[in-house]
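Q: Submitted below is the structure of interest, expressed as structure tokens.
Just so it is clear, none of the values below were taken in a lab; they were calculated from the coordinates. Computed from a predicted structure; not experimentally measured. Cβ: placed from backbone, ideal geometry, glycine included. Neighbour counts: every protein chain shown.
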Amino acid sequence: MNQQTRPAPSITPEILTPRLGDYLVEKGLISSDQLAEALTFQKNQKETGGVSEKALIGEILVSLHYLDKQSLDRAVTEMIVRLKMALEKSNALLEERVKERTQELEYALEKIKLLNAHKAEFVANISHELRTPLTHIMGYNYLLLDGSFGHLSEEQLDAVISMKSATDRLELLIADLISFTEIEHGKLQLNPKPVNPNDICEQAIKNNQNLANQKKVHIILQKKEDISLVSVDQEKIMWVMNHLIDNAIKFTASDGYVLVKTSQNMNHVYFSVSDTGIGIPKERISEIFEPFHQLDGSMTRNAGGTGIGLTIAKEIIEAHQSEIKVYSQPGKGTEIRFAFPVLKEAV
């Protein structure tokens, strides 16, 4: 059975004017009773299929002779003008609010920049202030170990060795803070030259072997023989590898493993440090590169550190036009990897 085709509504300015009937009553062009009758007429016609479901109330009022077409058009025009003025006013208010909000955000941004500048300046100043007395402590510590102040008993020697270990650690922490402030001020400079990746990894393992022995963590080197050279700042990449290995040892339980690996394809040489430590939830991996941020404050206090090592490492790797990548699962360990292009003459 075919449905009865209903006439399409006329496309008139009235479709732009909501609540036209109320406006006509307000203007005194029709009465409330006439509007009610027109609405009832409209409803009945829709139910019987006499008019389109979108039949306009103004047209019905004209058809019922409650309103002439000229008065309807004038009222619709007035409503459109009112709506236009209201829209312009609303847009003006919105633009003003956006302008005010933008100014507030710009002020907040400038304040954040100023605070960051003060923070970096404070860290730089305090780092240099700490380094001066530390230099004196380390100097006297060396003289004690050297025997310049006479023979030390076994207990005294153990105490001085412990003190040296603590001051060495403090020196590294201060160096990290100074490196961080240099990066914050855009003063990170590279001195690239051809380097054998295996040499860096072997030296970094030697640098961290004592810590591994203390923690009873096994360090394994898996290197590619006849690996190609890469052009990097050897001192800074050595710093990165030292930190990554140090970090892996700290967060790996006794009898765990830290694997230092080099590999290569046709275009790149890869460095990686992986461990059997606590791991990191996937959704929190990006947080480890935030300065002074710790995923677990209590664990970090046990392991030590300033919370800026990975921030510095990331900046160093990115300054080499590379990217540091992290793969991790809680309870299954973490792998941190980066790569550098093979030297063309070495391909």
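Q: Choose one answer from Thr132, Thr77, Thr276: the residue with the largest mean-square fluctuation in a GNM of the chain with alpha-carbon springs under 10 Å.
A: It is Thr77.
Q: When only Cα pairs under 8 Å and 6 or more residues apart are kept, what is the percent relative contact order across the chain?
A: The value is 12 percent.
Q: Ok, one more. Separation between the Asp199 and Phe122 pseudo-spin-labels, each 7 Å from Cα along Cα→Cβ, expressed in nm?
A: Going from the Asp199 label point to the Phe122 one covers 4.3 nm.
Q: Add +1 for every Lys or Arg and -1 for every Asp or Glu among the other residues with Cβ under 15 Å from the Cβ of Gln156, and state the total.
A: Computed value for this residue: -3.
Q: Right, here's the next one. Where q = 0.17 Å⁻¹, what log10 of I(q)/I(0) comes from the Debye formula for region 193-346, counting one point per Cα?
A: After summing over all Cα pairs, the log10 values are -0.97.
Q: Which entries in the list Lys164/Lys236; Lys46/Lys84; Lys282/Lys332; Lys216/Lys332; Lys187/Lys314 go over 20 Å, if you measure between the two C-alpha atoms of each?
A: Lys164/Lys236; Lys46/Lys84
Q: I've got another one for you. Using alpha carbons only, how many degrees (0 to 90, rounded to 10) separate the axis of helix 154-184 from the longest principal axis of the chain?
A: 40 degrees
Q: A follow-up question, please. Which log10 I(q)/I(0) values does the chain give at q = 0.10, 0.12, 0.14 Å⁻¹ under the Debye formula, counting every alpha carbon as one identical point scatterer?
A: So the normalised log intensities are -0.74, -0.97, -1.23.
Q: Suppose we look only past 18 Å in the calculated P(r) of region 19-119. What percent of the Cα-Cα pairs does that tail hold?
A: 64 percent
Q: Can you classify region 194-272 as rounded, prolate or oblate using the Cα gyration tensor, where a ≥ b ≥ c are the square roots of its eigenvalues, rounded means a/c under 1.5, and otherwise it's prolate if a/b beats b/c and oblate if not?
A: prolate
Q: How big is the Kirkwood radius of region 45-192, worked out from every pair of different alpha carbons and given in Å to one decimal?
A: Across region 45-192, the inverse of the average 1/r is 24.1 Å.
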